[in-house]
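The values are calculated or read from the model by the stated rules, or taken from the named source; none is laboratory data. Given the structure is predicted, the values throughout are model-derived calculations rather than measurements. Note that each Cβ is placed from the backbone with ideal geometry, even for glycine, and that neighbours are counted across all protein chains shown. SASA here: full protein model, heavy atoms, side chains in, ligands and nucleic acids out. Shrake-Rupley method; radii C 1.70, N 1.55, O 1.52, S 1.80 Å.
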Amino acid sequence: EIDALTTKRSDGVSEASRRMLSTLLTELDGFQDKGSNRLILTLSATNTPWDLDEAVLSRFSRRIYIPLPDKEATKEIIKINTKGVKLDVDLDGIADKCVERFYSGRDLKNLCQDAIWNMIRDVNKDLYKMANLSYKELKRRKLKTRALTDDDFEEAFKKIKSPLTKSEIEKYEKWGEEFGG
């Protein structure tokens, strides 16, 4: 998340931030050991590439726009985040909804976690009572589980929202076309 360190210099930026940015730029330049055959790959990520200082952008000759996951990638991310949990769902339907709603990998992880908690709360109605049990008693208990269903995901969709909009996605795509490599 390089944007946390390298926002554009302006009148509102503190002197300490300016010094830190200058130091970082110098260090990035120092990674290029011109007297050696060794290669050093410098990789960074940002969610706001248009906020990066131009001098930082110039240090990264390749800029790659990574789009949101497509349907197939979304299905795989859901499988990864529900590993060990049985699925009794229309995975294609759930993936379609996720793509339509501009879900990122983080959103998909949150969606899966919420769906799992919906299932756990459904089959463990007295879960809140476990807070009053001793550690020794808790160790003897096991949570009940069942396969995740479409209903578990539908409830999760109500809570997990992507902050992205179509116009923001278009802004990323335009930046990628203009500055990507």
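So, R0 is 35 Å and r is the distance between the beta-carbons of Asp150 and Glu177; what FRET efficiency does that work out to, to 0.05?
Details: r = 37 Å, r/R0 = 1.06.
Efficiency computed from Cβ-Cβ geometry: 0.40.
Expressed as a whole percent, the accessible area of the chain that falls on carbon and sulfur atoms is 52 (1.4 Å probe).
Averaging the Cα positions of each part gives two centres, and for the range 68-94 and the range 143-167 these lie 11 Å apart.
Full extension of the chain between Arg62 and Arg141 gives 23.1 nm of extra length, using 0.36 nm per residue less the Cα-Cα distance.
When the Gaussian network model of the chain links Cα atoms closer than 10 Å, the mean-square fluctuations of Lys86, Lys171, Lys136 top out at Lys136.
What length, rounded to one decimal in nm, is gained on full extension from Asp122 through to Arg19, with 0.36 nm per residue of separation minus their alpha-carbon distance?
Details: separation 103, 0.36 × 103 = 37.08 nm, distance 5.40 nm.
Separation in residues times 0.36 nm, less the Cα-Cα distance, equals 31.7 nm.
Its DSSP H runs of at least 4 residues, each contributing -39,500 (n - 2.57), put the calculated 222 nm mean residue ellipticity of the chain at -15500 deg cm²/dmol, to the nearest 500. Here the translational diffusion coefficient of the range 68-181 follows from Stokes-Einstein with Rh set to the Kirkwood radius across Cα pairs; for 25 °C and 0.890 mPa s it amounts to 154 µm²/s.
Accessible area per residue, 1.4 Å probe, Å², for the chain: what's the number? The partial results should precede the final answer.
On the way: 12690 Å² over 181 residues.
Heavy-atom SASA per residue in the chain reads 70 Å².
What helices in the chain pass both tests, a Cα length along the helix axis of 18 Å or more and a mean Kyte hydropathy of -1.0 or higher, using whole DSSP H runs? Those that clear 18 Å and a mean of -1.0 are 15-30, 105-123.
Note: relative contact order over the range 71-181, using C-alpha pairs below 8 Å and six or more positions apart, is 36 percent.
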